[in-house]
1. Return yes when residue 145 is surrounded by fewer than 18 Cβ atoms within 10 Å (Cβ to Cβ) and at pLDDT below 75 and no when it is not.
2. Filter the range 77-123 down to the residues that are within 30 Å of residue 65 (Cβ to Cβ) and either in contact with an Asp or Glu (Cβ under 7 Å, 6 or more places away or on another chain) or β-branched (Val, Ile, Thr) (or both) and list them by number.
3. So, of the residues in the range 60-79 that are more than 18 Å from residue 112 (Cβ to Cβ) and of a type outside the set (A, V, I, L, M, F, W, C), which turns out to be surrounded by the fewest Cβ atoms within 10 Å (Cβ to Cβ)?
Amino acid sequence: MLPLWLSHPANIGAFYGLLVSIALLLPYRFAGDDTDAWLANWVFHTSILMVACLLLGFSSLLLIRWSKRFPMTPPRLLLYPMPFVGMALLTISRTDLVNLPMWVVWLLLLLPGPMYVHLSWAPRWRLLCMLEDGRDPFIGIESKHSEPNEDAATLAGDDDELRSVVEEYAEE
């Protein structure tokens, strides 16, 4: 479980910016001709990344509070490899093997964190806060409840023991 100060979506964004910055240490240290100013450049870009991700997380929180949108699963097939592709492209670009537009590299590095915060974390955080305050966030939403015996028969198939356990659980 996350500490309370870190569980706020804006802080999650800033933490993501810090994690991306840590991953950028090697490309900043060993790429390029200027080996004396790499630390100052890295600290500068770390600050920019953390503030940008913090602002994106905070704006996502405000948008979620305004729209009352429920959480959704981000497209993991695209979302998870994006930082690794961005890191590889940044390394290639910093070593001058291929000149790539820097906005593409930074977009691939930064998009997954704020996208996850906006689509999944901030709405879940809002729902948990509402439940903690004693409010029901699910008022007016229709339940998609079906007969437990039909579900048990569908899930268990020919397994009588599994069907009986599922039916007992559904009766409670």
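The values are calculated or read from the model by the stated rules, or taken from the named source; none is laboratory data. Here the structure is a predicted model, which is why all the values come from computation and not from measurement. A quick note on method: Cβ atoms are made from the backbone with ideal geometry, for glycine too, and the neighbour counts reach across all protein chains shown.
1. Yes: the conditions hold for residue 145.
2. Step one: of the range 77-123, the residues within 30 Å of residue 65 (Cβ to Cβ) are 77-80, 82-83, 86, 103, 106-123.
Of everything in the range 77-123, just one residue is within 30 Å of residue 65 (Cβ to Cβ) and either in contact with an Asp or Glu (Cβ under 7 Å, 6 or more places away or on another chain) or β-branched (Val, Ile, Thr) (or both), namely 117.
3. 67
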